[in-house]
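Engineer: Pasting a structure below so you can have a look.
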């Protein structure tokens, strides 16, 4: 019994405690407050809303683990979305074929990756602060997007694009499938690849990592590139869900992704954090807003409650660490 | 030998402690310790890390409250415990190793702010501040520009500022925690002179230092602690370094010269005329299979820069590096590691190991390809690789997933050595491998080094402590101002000769 518990604990890591508890609390509170909460409808709405924020959070996670940040995620996503839109528009609009769409998506991934490569190169070689570099990229992409679209929406896509945002396969929403595949990919990347290993090490101490013979520049460029590619995936999903692209879509997600990482136990200074707890944290945030919606609370209030939840988790974590210290003291 | 003896035997002590017990969560940090300081004496407090030195100082300065039955007699009064305010008011000052100064503030502010701040009217009198600072520095025979921000000064001068600040409070008893740890020899000599002057002017100084040579030079008496208990109080006259080490660790060390001729072995590393202007010039040396070549010299002699060039992290302007007869140019340290060079950094805290990360990850970081399985990192391979090295080098750890920072200096250094051995190096460069390692654990590190050399590894051993290279290397090179200025064979040279040349 204890060994099973021990194993679960080591697989999930200490980061799991916060989001795990929050998950249980949210399910209990709303389960009692509203009989409709524990229903397929709630989970359906969560399943459709989760992927956008989730994919962007995955894009934010890698740079944070290296001790950096990528503030350009939402605009990278939308510029990638615009790429798909233009490819479709230029090749028949509503009548464009599946092949054209796939080409557009590949180009979008390339554009997302390119945004990451540029940021990664600047950060790795000039040692400029990631906040400044990605802020510059964010402003550049926003300006570029607004200039090219005149600030408006681009819409009118072929009919087969819609199901990517709204459809289900075997009862599971397509965006959720995409998101879960990406979560799995990130989980393997961080836990089992050299790049993942180096990401954590760089986040704790870049110089010591370099002294150990790790090509830290290459790792940083790759991290931001993958972050950009993940943004592009989010951009494509957003395009399909809204059936339109606008450069400002999902702007409010930017800081929520950072907070979702912290709620998932990611160290704000880098070096520590796992994908699965972040995934659970995202589920908690969505359940919370769906639950509040159900009991008739204002949508804007949900955002405020997210803020309170995060502060609460920080305080609980502090209390837990105090208790741990006093237990260790007494034990020794 | 200097003897600071303004204190005469039989004089009433300035500070006298009896029955000092201190317990932290079940661990007895101090066991019935007594301690005595006479007015104006220089007294050394010696012991390994964790022996209770700092705890004792904190009891005397009122940070900790000792267990029942404690008696603290200081300057004619008896206390059952001190408080920080009383300690300070009555002239007890501590200069901690980190100095606790404000780098952005001026020298005058750093020295005098305690005196000036907190008085009424609540206005800062900068003129008075400057006068206090200049006076305090004058007492030490030093002139500094008191208006400059402290960060403009090097660590040696900051040390002096910290001492000056202690003197402003009319100190009678000053504790100095490892004051020479980051000073060069000439700076250390200067500091020791200041300590002598303080003592002559009636201020008692309690000196905590790892460097036993200067302990013997400066102090009149030595109190040795081990595992929280008093071992004894000894007059410095007639003491030797090895005797103090024995008392501190409770073990006997017979240091003998390990040098053996290795002339018949093939050359592994050959350096010819290696130059990087301003850092090292015209360095030529060879290291053979199984040979340990020691490089010693003062801080700033270019030792670490040379090592970094051999490790591919600094590009030499001219000269060649050959490994097993093949000339190699390194684009980065990755090339050097591939060619079989390993470099143990002198700065274990910020360059050698990644302190917050797990022991296991620190050990495998330089040899990740060994734990790959089908292109992915394997937890099982990692665990077994780490277990093997932990056992091989006798590292004492809790769990592999614990942060490396939870280990003692000696155990950390073993992990750092294992990290490099896991890369299958031909040449191992050890840059000051005993920095921050307890005296008792140092011998263990050198036993490992000797075994590695025996197994055929070519070793470059860098240290600013001449005895370390003298006893553990086959040949000793003396570096000064970027050049190799002397080569010695420990079997034919006395330690004192080399020391005289290095510290001249």
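Engineer: Give just the number: which of (1) more than 14 Å from chain B (Cβ to nearest Cβ); (2) assigned to a helix (DSSP H, G or I); (3) in contact with a helix residue (DSSP H, G or I) (Cβ under 9 Å, 6 or more places away or on another chain) does residue A:157 not satisfy?
Structural biologist: Result: residue A:157 fails condition (2) only.
Engineer: How many of the residues in the stretch A:267-281 are more than 14 Å from chain B (Cβ to nearest Cβ) and part of a loop (DSSP other than H, G, I, E, B)?
Structural biologist: 0
Engineer: Might you let me know whether the stretch B:489-500 holds any residue that is touching a helix residue (DSSP H, G or I) at 6+ places or on another chain (Cβ under 6 Å) and not in a helix (DSSP H, G or I)?
Structural biologist: yes
Engineer: With respect to residue B:451, determine if the residue is more than 14 Å from chain A (Cβ to nearest Cβ), at pLDDT 95 or above and within 27 Å of residue B:292 (Cβ to Cβ).
Structural biologist: Against the criterion (more than 14 Å from chain A (Cβ to nearest Cβ), at pLDDT 95 or above and within 27 Å of residue B:292 (Cβ to Cβ)), residue B:451 does not qualify.
Engineer: Being on the phi < 0 side of the Ramachandran plot, more than 12 Å from chain A (Cβ to nearest Cβ) and assigned to a loop (DSSP other than H, G, I, E, B) is the filter here, so list the residues in the stretch B:403-437 that pass it.
Structural biologist: B:407, B:408, B:426, B:433, B:434, B:435, B:437
Engineer: Take residue A:61 and decide whether it is in a helix (DSSP H, G or I), closer than 28 Å to residue A:216 by Cβ and without any contact (Cβ under 8 Å) to a residue 60 or more places away in the chain.
Structural biologist: no
Engineer: Does residue B:380 qualify as being in contact with a helix residue (DSSP H, G or I) (Cβ under 6 Å, 6 or more places away or on another chain) and either in the same structural domain as residue B:333 (by TED's automatic domain parsing) or at pLDDT below 95 (or both)?
Structural biologist: no
Engineer: Since residue B:398 meets every condition but one in (1) in contact with a helix residue (DSSP H, G or I) (Cβ under 8 Å, 6 or more places away or on another chain); (2) assigned to a loop (DSSP other than H, G, I, E, B); (3) touching a residue at least 12 places away in the same chain (Cβ under 8 Å), which condition does it not meet?
Structural biologist: Answer for residue B:398: the failing condition is (3).
Engineer: Also, I was wondering about something else. What pairs can you find where one residue is in the stretch A:131-147 and without any contact (Cβ under 8 Å) to a residue 24 or more places away in the chain, the other is outside any helix (DSSP H, G or I), and their Cβ atoms are less than 6 Å apart, with a gap of 6+ or different chains?
Structural biologist: none
Engineer: Also, quick follow-up: Only residues that are farther than 23 Å from residue B:202 by Cα and more than 26 Å from the chain's Cα centre (by Cα): list them for the stretch B:132-165, please.
Structural biologist: B:144, B:145, B:146, B:147, B:148, B:149
Engineer: From the list A:206, A:176, A:189, A:195, exactly one residue is more than 9 Å from chain B (Cβ to nearest Cβ), within 23 Å of residue B:350 (Cβ to Cβ) and either at pLDDT 95 or above or surrounded by 15 or more Cβ atoms within 10 Å (Cβ to Cβ) (or both). Which is it?
Structural biologist: Step by step, each of A:206, A:176, A:189, A:195 is checked, and only A:206 is more than 9 Å from chain B (Cβ to nearest Cβ), within 23 Å of residue B:350 (Cβ to Cβ) and either at pLDDT 95 or above or surrounded by 15 or more Cβ atoms within 10 Å (Cβ to Cβ) (or both).
Engineer: Then there is this: If we scan the stretch A:281-299, do we find a residue that is touching a strand residue (DSSP E or B) at 6+ places or on another chain (Cβ under 7 Å) and under 19 Å from residue A:182 (Cβ atoms)?
Structural biologist: Among the residues of the stretch A:281-299, not one is touching a strand residue (DSSP E or B) at 6+ places or on another chain (Cβ under 7 Å) and under 19 Å from residue A:182 (Cβ atoms), which makes the answer no.
Engineer: What is the number of the single condition among (1) surrounded by fewer than 20 Cβ atoms within 10 Å (Cβ to Cβ); (2) in contact (Cβ under 8 Å) with a residue 60 or more places away in the chain; (3) closer than 18 Å to residue A:247 by Cβ that residue A:87 does not meet?
Structural biologist: Here residue A:87 clears every test but (2).
Engineer: For the condition in the same structural domain as residue B:489 (by TED's automatic domain parsing), crowded, with 16+ Cβ neighbours inside 10 Å, without any contact (Cβ under 8 Å) to a residue 12 or more places away in the chain and in contact with a strand residue (DSSP E or B) (Cβ under 7 Å, 6 or more places away or on another chain), what is the one hit in B:321, B:328, B:283?
Structural biologist: It is B:328.
Engineer: For residue A:220, state whether it is in contact with a helix residue (DSSP H, G or I) (Cβ under 8 Å, 6 or more places away or on another chain), under 22 Å from residue A:51 (Cβ atoms), away from chain B (no Cβ under 14 Å) and surrounded by 19 or more Cβ atoms within 10 Å (Cβ to Cβ).
Structural biologist: No; evaluated as a whole, the condition is false for this residue.
Engineer: Could you list, in sequence order, the residues of the stretch B:332-351 that are facing chain A (nearest Cβ under 7 Å), free of Cβ contacts under 8 Å to residues at least 40 places away in the same chain and either in contact with a helix residue (DSSP H, G or I) (Cβ under 6 Å, 6 or more places away or on another chain) or buried (at least 21 other Cβ atoms within 10 Å of the Cβ) (or both)?
Structural biologist: Within the stretch B:332-351, B:333, B:351 qualify.
Engineer: Can I ask one more? Kindly indicate whether any position in the stretch B:352-369 is within 12 Å of chain A (Cβ to nearest Cβ), under 21 Å from the mean Cα position of the chain (by Cα) and not in a loop (DSSP other than H, G, I, E, B).
Structural biologist: yes
Engineer: Within the stretch B:375-402, how many residues are more than 10 Å from every other protein chain (Cβ to nearest Cβ) and more than 22 Å from residue B:344 (Cα to Cα)?
Structural biologist: Here the count works out to 5.
Engineer: Okay, next question. Look through A:43, A:48, A:23 and report the one residue that is surrounded by fewer than 24 Cβ atoms within 10 Å (Cβ to Cβ), modelled with pLDDT under 95 and in contact with a strand residue (DSSP E or B) (Cβ under 7 Å, 6 or more places away or on another chain).
Structural biologist: Answer to the check: A:48.
Engineer: Moving to a separate point now. Wholly within the stretch B:196-294, which strands (runs of 3 or more DSSP E) include no fewer than the required count, namely at least 3 residues that are within 22 Å of residue B:490 (Cβ to Cβ)?
Structural biologist: B:267-276, B:280-288
The values are calculated or read from the model by the stated rules, or taken from the named source; none is laboratory data. For clarity, every value in this text was computed on a predicted model and none was experimentally measured. A quick note on method: Cβ atoms are made from the backbone with ideal geometry, for glycine too, and the neighbour counts reach across all protein chains shown.
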